[in-house]
Amino acid sequence: MIKINNLNFGYSKHQLLFKNLSMQLSNGHIYGLLGKNGAGKSTLLKNLAGLVYAESGTLDVLGFNPAKRQPALLEQICFIPEEFYLPSVKIDAYVKANAAFYPNFDHPYFTALLAEFDIPVGQKLINMSYGQKKKVIIAFGLATNAKLIIMDEPTNGLDIPSKAQFRKIMASALTEDRCIIISTHQVRDLDNLIDTVIMLDENSVALKASVEEITNKLVFKRVKEIDDKVIYAEPSLAGYNAVMPNFHQEDSKLDLELLFNAVLAEKNKLKPIFN
Amino acid sequence: MEFRDNKAIYLQIAAYVCEHILLGKWKVDEKVSSVREMAVALEVNPNTVMRTYELLQSKNIISNKRGIGFFVAENALVNVKDYLKTQFIEEELPVVFRNVYLLNIGFDELETRYNTFVKETFNP
């Protein structure tokens, strides 16, 4: 679905954000894109959607170079940005103006999603709250039936019931021919939804592994004391929350926050484990 | 369903399915929720549910009828008990044994308490 090869990108020529970044993504997965502020999560997503252009390297999305912005590719991409602008029209006018760009747009599905998100249909978009607007563009994006779904911090601004609805909608939106990429800081909103973790750090991909691979190689558990097997640990009420190599094939639940901090703090210890 | 914070999600879903079978909510030869239905209900990735169903298939607890879906397998009740027993012996019993040893609780006392517990809980 997506092949990135030796991507170099910078907003200024002298300061590159990505240096020789390479990665492949396939359909049938929900990728969770993680990284510190400024690590380049949104920028990577914009590269995939053809909204910014790389210095060098190759980018292949569904067989197209996104920088060329060909309609045949753009109609297969749904991009939900973190910051967006919606015009002063009602939903039906918005759909009339925009749905035509997506040949597979599913009107009944869009209506069902709006109902599920409890969106007042007769109201002008501009008068809606941030959370409501966000739900409208998420519903619109999914209704395009695009093959590549890119979401930048989708749960920001959603209230508590909407987050649960969002997770249900995304669980049903994943099909074998779709690829979903979600960038987030709210890992607890999404940690059971993503099946593969991509973490950006220091101009490149610091980790890309499926949850299954991570929990095969690492074990996440509470320990009373830290010994030399522990890769990274944080103090907790009853001892420490620790990450260790999984020598005894223990099954544990991936703790995304702990993994995130472990990757930042102990990159050299984790690299050989995932090579 | 509430997820606990230390056990792999696909195993927690397996325990959830096993409980449904033990409690008779899903009977032998009945269809179990599809991967998608289960993923939506539990708000998890469908690939995680698929992993659970593959595990339960390998334990002969559910079976896959091609093109139709997953069904409760013929000997599911026996196999669920086997599976849960193995898990109990490997994961929970060591914790109990450790406390029995540390607190110096005799087997006689343990037996009396066990019998009382069974009487009070299951034969009111």
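The values are calculated or read from the model by the stated rules, or taken from the named source; none is laboratory data. None of the values given here were measured: they were computed from a predicted structure. Cβ coordinates were reconstructed from backbone atoms using ideal geometry, including for glycine residues, and neighbour counts include every protein chain displayed.
Observations on the model:
- Search result, residues across the stretch A:223-251 that are surrounded by fewer than 10 Cβ atoms within 10 Å (Cβ to Cβ), over 17 Å from A:LYS269 (Cα atoms) and not polar (S, T, N, Q): A:LYS224, A:GLU225, A:PRO235, A:LEU237, A:ALA238, A:HIS248
- For the stretch A:29-87, taking the residues that are in a loop (DSSP other than H, G, I, E, B) and of a type in the set (S, T, N, Q), the one that is surrounded by the most Cβ atoms within 10 Å (Cβ to Cβ) is identified as A:GLN76.
- Residues (out of contact with any Pro (no Cβ under 9 Å at 6 or more places or on another chain) and within 14 Å of chain B (Cβ to nearest Cβ)) located in the stretch A:216-233: A:ASN216, A:PHE220, A:LYS221, A:ARG222, A:VAL223, A:LYS224
- None of B:ALA8, B:ALA15 is within 14 Å of the chain's Cα centre (by Cα), surrounded by fewer than 20 Cβ atoms within 10 Å (Cβ to Cβ), of a type in the set (A, V, I, L, M, F, W, C) and closer than 30 Å to A:ILE160 by Cβ except B:ALA15.
- Looking at A:LEU17, A:LEU33, just one residue is more than 27 Å from A:ASN192 (Cβ to Cβ), not basic (Lys, Arg) and not assigned by TED's automatic domain parsing to the domain that holds A:LEU264, and that residue is A:LEU17.
- Selected residue [touching a residue at least 12 places away in the same chain (Cβ under 8 Å), among the polar types (S, T, N, Q) and in contact with a Cys (Cβ under 6 Å, 6 or more places away or on another chain)] from A:ASN27, A:ASN20: A:ASN27
- Across the stretch A:149-198, the number of residues qualifying as away from every other protein chain (no Cβ under 12 Å) and of a type in the set (Lys, Arg) comes to 0.
- Within the stretch A:150-160, the set of residues being farther than 20 Å from A:LEU256 by Cβ and either touching a residue at least 40 places away in the same chain (Cβ under 8 Å) or touching a Lys or Arg at 6+ places or on another chain (Cβ under 6 Å) (or both) comprises A:GLY157 only.
- Taking the stretch A:26-74 as the range and being within 14 Å of chain B (Cβ to nearest Cβ) and touching a Lys or Arg at 6+ places or on another chain (Cβ under 8 Å) as the test, the residues that pass are A:ASN27, A:GLY28.
- Annotation note: of B:TYR10, B:TYR53, the sole residue that is away from chain A (no Cβ under 12 Å) and not in a loop (DSSP other than H, G, I, E, B) is B:TYR53.
- The lone criterion from (1) of a type outside the set (Gly, Ala, Ser); (2) surrounded by fewer than 12 Cβ atoms within 10 Å (Cβ to Cβ); (3) within 14 Å of chain A (Cβ to nearest Cβ) left unmet by B:ASN104 is number (3).
- Only a single item in (1) closer than 22 Å to A:PHE9 by Cα; (2) within 11 Å of chain B (Cβ to nearest Cβ); (3) not β-branched (Val, Ile, Thr) is not met by A:ASP201, and it is number (2).
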